[in-house]
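The values are calculated or read from the model by the stated rules, or taken from the named source; none is laboratory data. All values reported here derive from a predicted model rather than from experimental measurement. Don't worry about glycine lacking a Cβ; one is built from the backbone with ideal geometry, like all the others, and counts go over all protein chains shown. Side chains are part of the model used for accessible areas, which takes the heavy atoms of the whole protein and leaves out ligands, DNA and RNA. Shrake-Rupley method; radii C 1.70, N 1.55, O 1.52, S 1.80 Å.
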Amino acid sequence: MMPRKKLLTLESMNQSVRGVVVPILGSLSVRAVEIQREIEEGIHKPFGKITACHLGDNQSMGQRPVTFLRQVAVLCTYPDLLDSPHFPEDAKRRARALMKELDGGSVGSYNLFMYIGKTLPHKIANFIKRRDGGVPCDPRNIIVSSGASQAIVSVLSLVVNNEEALKTGIMVSVPHYTVYVDAIALCEAVKVQYKLEEENGWSVNVTNIRTSLHEARKHCHPKVLCVINPGNPTGHVLSREIMEEVIHLASEENLLLFADEVYQENVFGPGAAFHSFKKVLFEMGPRYSERVQLVSFNSISKGISAECGLRSAYIEFVNIDPSVFEILHSLKSFNEPPVLGALMMDVMLDPPQPGDQSYETYIAEKRDLLNNLAEKAHLTEEILNSAPGFRCNPIHGALYAFPSIQIPETAVRLAQDRGLEPDVFFCHLLLEDTGILLSAGSSFGQVETYHFRLSLLPPIEELKCILEKITEFHGRFMAEYS
């Protein structure tokens, strides 16, 4: 018998899936794993371990869990502790109330109605209404998702219609969070990029968006405008005036506004304040609030809770036919968050209040977290901007610095000869010399100038040491390749 051709190969598989590259987890991460294994095998390195600074994985990099959240989580998963004197009474009350809403009182049951009834969507709606100063929020317009990345893929898949004559265009900033590129590839849509203004603190410029939009309409049908606020990887926070300009544009050009607001609690820059697109939209009056279509989302992976491993997010739809997003409900079994993650979202959206036993601890932890981020942002700007070959814009929010670095032409040519972007080449050499793992700026679409993304999450003394090692290595790098 002739051997049959294998059914599933790289050539026969869905090429859209093959196009998902997750560049932030590319060759640098692979090499970091190899180096760590070599260290454990006794191979000598000029450093003792890999220092990972490339991800926003808060708790793996030193951020402590919020006490009240973890207390409630423990009590819900092991109710026998409800009689323990080691837990505050308000945590016990919250755990008892949550367990009453669970099927069989257990986090181990499916709890299907928690996600689609009045329970969690209703609580999310109340949170949004409080956050936005009383702007109405209908719980029927909210869907709970298993994390922000899944929310991005789910919503963009609703928008793309490959039966139309022109492919759907999705507008994303440069630089942008890497998941957007992969979601666009999965949906077989067209990536339409608009540049943020580095010389203006990475601000959104509506003129740049409009220019990219009109050029893209020559070859695709742009439908979605994605805006990340606070910015990842840039750390900028949009002013209200710029947000109004973006809403004007979305209205004029008939674009679905897609607001990534997962870092809304991580705002710490002097004078910076978070405004939700929902709030600004409604305060602009019925001409916009009844016309502009908006999708926004939030997650427990960031903010004060920083529970990346529990995978829970919510999506709010504004001015969108419910029959459209109800399609997501029909696919819920593919997209529901873990029950414990949903419970922690409940707690995150309604934390301890004045008078509660846990209030002072919660407020102190929140204040210390934001003050710590502000201190580390200032330290990062100060060290990098005082070193030759670096420029770091002010960091007002999120968790990262995104400085530009000088790379001499000799190194640029050598990187190109090796099939690497110049900033990837720099990050590889830095990794081999110091053990410090960064994300190259080109992973976020920034290729005209050279950058890296650095997480602000390491403890401050460790972060200072990391920054000093980076600047010292860059000095040796410039001397070798200039």
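A few points about this structure:
- Unmet criterion (only one of (1) within 18 Å of ASN232 (Cβ to Cβ); (2) touching an Asp or Glu at 6+ places or on another chain (Cβ under 7 Å)) for VAL206: (1)
- Residue under evaluation CYS392, criteria (1) in contact with an Asp or Glu (Cβ under 6 Å, 6 or more places away or on another chain); (2) over 28 Å from VAL237 (Cα atoms), criterion not met: (2)
- One residue alone among ILE315, ILE304 is at pLDDT below 95, assigned to a strand (DSSP E or B), among the aliphatic types (A, V, I, L, M) and under 28 Å from ALA342 (Cβ atoms), and that residue is ILE315.
- Residue under evaluation GLU307, criteria (1) touching a Phe, Trp or Tyr at 6+ places or on another chain (Cβ under 6 Å); (2) within 24 Å of SER154 (Cβ to Cβ), criterion not met: (1)
- In region 432-465, residue farthest from PHE390 (Cα to Cα) [restricted to those that are in a helix (DSSP H, G or I) and open to solvent by less than 10 Å² (accessible area, probe 1.4 Å)]: PHE444
- The residue that is least open to solvent (accessible area, probe 1.4 Å), counting only those in region 356-374 that are within 19 Å of GLY235 (Cα to Cα) and of a type in the set (A, V, I, L, M, F, W, C), is LEU373.
- Selected residue (only one of LYS100, LYS92 is open to solvent by 60 Å² or more (accessible area, probe 1.4 Å), among the basic types (Lys, Arg) and without any contact (Cβ under 8 Å) to a residue 24 or more places away in the chain): LYS100
- So ASP80, is it modelled with pLDDT of 90 or more and open to solvent by less than 40 Å² (accessible area, probe 1.4 Å): no
- For region 333-362, a residue qualifies if it is in a helix (DSSP H, G or I) and small (Gly, Ala, Ser), and the qualifying residues are SER333, GLY341, ALA342.
- Subset tally (residues that are charged (D, E, K, R) and over 14 Å from GLN357 (Cα atoms)) for region 68-108: 7
- A count restricted to region 266-281 and to residues that are buried (at least 18 other Cβ atoms within 10 Å of the Cβ) and out of contact with any strand residue (DSSP E or B) (no Cβ under 9 Å at 6 or more places or on another chain) stands at 3.
- The residue of region 158-188 that is modelled with the highest pLDDT, among those that are open to solvent by less than 20 Å² (accessible area, probe 1.4 Å), farther than 25 Å from ALA401 by Cα and out of contact with any Pro (no Cβ under 9 Å at 6 or more places or on another chain), is ILE184.
- The residues listed here are VAL155, VAL144; of these, the one that is within 30 Å of GLU253 (Cβ to Cβ) and open to solvent by less than 40 Å² (accessible area, probe 1.4 Å) is VAL155.
- Within region 368-391, residues that are over 18 Å from ILE407 (Cβ atoms) and among the hydroxyl-bearing types (Ser, Thr, Tyr) sit with their Cβ atoms under 9 Å from residues that are outside any helix (DSSP H, G or I) and at pLDDT 95 or above, at 6+ positions apart or across chains, in these pairs: THR380/CYS392; THR380/ILE395; THR380/ALA401; THR380/PRO403; THR380/LEU454; THR380/LEU456.
- Output for region 289-332, where each listed residue is open to solvent by 10 Å² or more (accessible area, probe 1.4 Å) and on the phi > 0 side of the Ramachandran plot: ARG311, ASN319
- Residues within region 1-49 that are in a helix (DSSP H, G or I), of a type outside the set (Val, Ile, Thr), closer than 21 Å to PHE444 by Cβ and modelled with pLDDT of 65 or more, tallied: 5
- Residue in region 383-399 that is among the small types (Gly, Ala, Ser), outside any loop (DSSP other than H, G, I, E, B), within 28 Å of the chain's Cα centre (by Cα) and surrounded by fewer than 21 Cβ atoms within 10 Å (Cβ to Cβ) present: no
- When the residues of region 202-214 are filtered to those that are without any contact (Cβ under 8 Å) to a residue 60 or more places away in the chain and not in a helix (DSSP H, G or I), the one that is farthest from the chain's Cα centre (by Cα) is ASN205.
- For region 58-105, a residue qualifies if it is assigned to a loop (DSSP other than H, G, I, E, B), within 22 Å of ILE363 (Cα to Cα) and within 31 Å of the chain's Cα centre (by Cα), and the qualifying residues are GLY62, GLN63, ARG64, PRO65, VAL66.
- Any chance GLU199 is of a type in the set (Asp, Glu), surrounded by fewer than 18 Cβ atoms within 10 Å (Cβ to Cβ) and assigned to a helix (DSSP H, G or I): yes
- Of residues in region 215-255 being outside any helix (DSSP H, G or I), among the aliphatic types (A, V, I, L, M) and open to solvent by less than 20 Å² (accessible area, probe 1.4 Å), the one farthest from LEU457 (Cα to Cα): LEU255
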